[in-house]
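Notes follow the structure.
Bear in mind that the values in this text are calculations on the coordinates, not laboratory data. Computed from a predicted model, the values in this text were never measured in an experiment. When we count neighbours, we look across all protein chains shown, and the Cβ atoms used for this are built from the backbone with ideal geometry, even at glycine.
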């Protein structure tokens, strides 16, 4: 009878410990969001009309904020230093492909 009790105790202990071994130790990984075939990471280049949101004929620093490349060199493109880009200043600051010079 003593052997039966010992075997039963070992079996119960094994059943109690088994779930702990079955648990994952690392957190589950979340798959990346779908890209839907878009892998182009090139920053978008905006036209003057795209950026001139209020259609006043000038692009302010706030309006230029949509174009990271333009924002990074806004002061260089703003030749007269008025804090806004005219269409002429904007065109002079971009090459034919629409990229900042």
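Considering all projection directions equally, how large on average is the shadow of the alpha-carbon convex hull of the stretch 48-92, in square nanometres?
On the way: hull surface 10.8 nm².
Reported value for the Cα convex hull: 2.7 nm².
Taking 7 Å along the Cα-to-C-beta vector as the label spot, tell me the residue 88-residue 8 distance in nanometres, rounded to one decimal.
Each label point is offset 7 Å from its Cα along the Cβ direction, giving 10.1 nm.
Can you give me the relative contact order of the stretch 48-92 as a percent, contacts being Cα pairs under 8 Å and 6 or more apart?
35 percent
Once you place label points 7 Å from the Cα toward the Cβ at residue 53 and residue 73, how far apart are they in nm?
2.4 nm
Report the FRET efficiency, 1/(1 + (r/R0)^6), for residue 62 and residue 29, where r is their Cβ-Cβ distance and R0 is 30 Å, rounded to 0.05. Show your work: numbers first, answer last.
Details: r = 40 Å, r/R0 = 1.33.
Efficiency computed from Cβ-Cβ geometry: 0.15.
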